[in-house]
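The values are calculated or read from the model by the stated rules, or taken from the named source; none is laboratory data. Computed from a predicted structure; not experimentally measured. Ideal geometry is used to build each Cβ from the backbone, glycine not excepted, and the neighbour counts take in all protein chains shown.
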């Protein structure tokens, strides 16, 4: 049998173990009963508010413009650094070429460069975009440079190269509207465009109206243009009479006048007339150099 002292020691040991277990249980949170957990919302449960936020984020993502390709920004920066005349020369799209001219309408580097205009008009005309040719040239007629006759003459010539003679004639007729006085320089340029387009009736009408309607003084270039036009029409006698009229007005026929007539008469088998013109040219001291 255990003694009373041994029993007391054993009871004290049991008490110590019990206190240790109780202390350990108090240090951990009590788990909720199942009934309570069954009616609560899990932390990751998709609530209505969270669903609305997710839908809004999805819409914003779809509306966001796609990122530009890696080379697009580099290409834009390269275009801005490329000289304007080089970009115009290298541009092969008619519409973009027109946009370059329209955007730089007041750029003197472009406006004063006739070679850039000639090249652009030739390419636009070749692409059958005479509408863009008209847009460019009409826009530039309204510039301050449009008050200079030399600038208008260039536009008239460009219309001629684009095979738009009616526009060239209209440009000449409207010069006064832009504050530019016409002289035989612009008159002869228009006459030449009409002749090359074989609009002989309009060319002859302009020739006859030149002094009276436009106040233009006809010169040797004016008469030589009409002589050439008459020869192209096969009216050789009329061409010869134009030369005679030229002399009456105090304008001496030059080498171009005689050689144009001689070539036409020789071509039509009238050698004796051609020889006569040759002798007449020599008698008057008008010899080719």
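Per-structure values
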read-out	value
Selected residue (criterion: nearest to residue 94 (Cα to Cα)) from residues of the range 140-160 that are at pLDDT below 90 and assigned to a helix (DSSP H, G or I)	140
Answer from 166, 174 - the residue that is surrounded by fewer than 21 Cβ atoms within 10 Å (Cβ to Cβ) and modelled with pLDDT of 95 or more	166
Of all residues making up the range 93-117, the number that are without any contact (Cβ under 8 Å) to a residue 24 or more places away in the chain and more than 17 Å from residue 152 (Cα to Cα)	7
Residue 102 being more than 22 Å from residue 186 (Cβ to Cβ) and assigned to a helix (DSSP H, G or I)	yes
Failed condition for residue 185, given (1) under 24 Å from residue 241 (Cβ atoms); (2) touching a residue at least 12 places away in the same chain (Cβ under 8 Å)	(1)
Residue satisfying all of: in the range 130-158; within 12 Å of the chain's Cα centre (by Cα) and buried (at least 18 other Cβ atoms within 10 Å of the Cβ); nearest to residue 169 (Cα to Cα) among these	137
Residues located in the range 220-248, provided they are under 38 Å from the mean Cα position of the chain (by Cα) and closer than 29 Å to residue 181 by Cβ	221, 222, 224, 225, 226, 228, 229
